[in-house]
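The values are calculated or read from the model by the stated rules, or taken from the named source; none is laboratory data. As the structure is a computational prediction, the values presented were derived from the model and not from experiment. Every residue, glycine among them, receives a Cβ derived from its backbone with ideal geometry; neighbour counts consider all protein chains shown. When the accessible area is computed, the model is the full protein with side chains, heavy atoms only, and any ligands, DNA or RNA have been set aside. Shrake-Rupley method; radii C 1.70, N 1.55, O 1.52, S 1.80 Å.
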Amino acid sequence: MALVIVCGQPSSGKSTAALCLAEALKDIEPKPNVRVIDETSFHLDRNQTYAEMTSEKNLRGVLRSEVDRSLSKDNIIIVDSLNSIKGYRYELWCLARAAGIRHCVLFCDVEETHCRNWNRERRDKDGISYNDCVFEDLVRRFERPDRRNRWDSPLFELWPFKDRIDKSSPAITDLVSYITKKVDSKTRDVKILQPTIATQSARFSEANSLYEMDRATQEVTSAIVEAQSLAMGGPVAGLSISRNLPTINISRSVGLPELRRLRKTFIKLTGQSSLSGLPPPVDAESAKRMFIDYLNQEFGSG
């Protein structure tokens, strides 16, 4: 049904707002399917996650993937995170457009001074807070949403410091009305994003390719592990998975961690090749052949 992106400075009341929004949605009839996707769902420590750009980027990737898997015309997805980078909000907007659903942003607008005080109070109370270095860095890099941007519109602004955050707050009630309002030919104030043909085709092709590649490489890896087990951990030579595929020749014992690392590297390299113009494998047989060739090359056989 809809994707709601909650954004704001660190310690601005986003999680409280997301919880109140979810409760308000559960009060309406018929009751919609509501899911909140946040960092705590993945048991991530906020200070460790935001201490380095690499781990922060990985977090955004995890959240984006989970949103992508969860979006449907039957669910309301609330993304409770900083969502502080406009480019990332645009990526989430693209997911909503590809799914053909409503989209909006709930912005917890709080001055930095109040956020800083709230963060300090949380630290003194239960220890769940940002450390000073991480907090200041996040504040410095925050990019405010702008309703003139299509990916930040419609924008519902909540002022937690001035008003209490509860399910009857004006911004929350207006947002609930927007994403649950019935739409007909006369409706003008509700926008349902429409996927383009290019978006739908790319989405299907990428998802299909990744699925086939993941499944195929896992089958090859499992076959090697099983063959080594039968060989009492010895080398595997002339292993044939199918008569239409090249044989696997491994001149030494290879542990599962190394196979997993090679599998991960292969999938990454294949993705990079597709970006440079070479088509990725679209069926399991092609993916297996490419992965076997890659392994034979890595082990100096083939």
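General observations
- Relative contact order (%) - the chain, alpha-carbon pairs under 8 angstrom, separation at least six: 20 percent
- A full extension of the chain between LEU245 and THR265 corresponds to an added length of 5.1 nm, given 0.36 nm per residue minus the alpha carbon distance.
- Sulfur and carbon atoms: percent of accessible area, the chain [1.4 Å]: 51 percent
- A simple charge model with +1 on the Cβ of Lys and Arg, -1 on the Cβ of Asp and Glu and nothing else charged puts the dipole of the chain at about 580 debye relative to its Cα centre.
- Counted by Cβ distance under 13 Å from ASN83, the other residues give a net charge of 0, where Lys and Arg count +1 and Asp and Glu count -1.
- The range 15-89 - percent relative contact order, Cα under 8 Å, separation 6 or more: 41 percent
- Between the entries (i) 22.2; (ii) 19.4; (iii) 20.4, the label attached to Kirkwood radius over Cα pairs in Å calculated for this structure is (i).
- Solvent-accessible area per residue, Å², over the chain with all protein chains present [probe radius 1.4 Å]: 55 Å²
- From helices alone, the chain scores -17000 deg cm²/dmol at 222 nm; the rule is -39500 (n - 2.57) for each run of n ≥ 4 DSSP H residues, then divide by the residue total.
- Net +/- balance of residues flanking ASN131 in space, Cβ distance below 13 Å, scoring K and R +1, D and E -1: +1
- FRET efficiency estimate (nearest 0.05) - Cβ-Cβ, ASP27 to GLN194, R0 25 angstrom: 0.25
- Taking every protein chain into account, the 1.4 Å probe leaves TYR211 with about 130 Å² of accessible area, to the nearest ten.
- Shown in residue order for the range 17-25 are the 3J(HN,Hα) couplings computed by the Karplus curve 6.51 cos²θ - 1.76 cosθ + 1.60 at θ = phi - 60°: 5, 5, 5, 5, 5, 4, 5, 5, 5 Hz (x for Gly and Pro).
- Note on the chain: GNM, Cα springs under 10 Å; of ARG102, ARG164, ARG89, the largest mean-square fluctuation is that of ARG164.
- Charge context of PHE266, other residues only, Cβ under 15 angstrom, K/R +1, D/E -1: +2
- GNM on the chain, alpha-carbon springs under 10 angstrom: the most fluctuating residue among ASP124, ASP174, ASP68 is ASP124.
- For the chain, built as a Gaussian network whose Cα springs stay under 10 Å, the top-fluctuating residue of PRO32, PRO154, PRO145: PRO32
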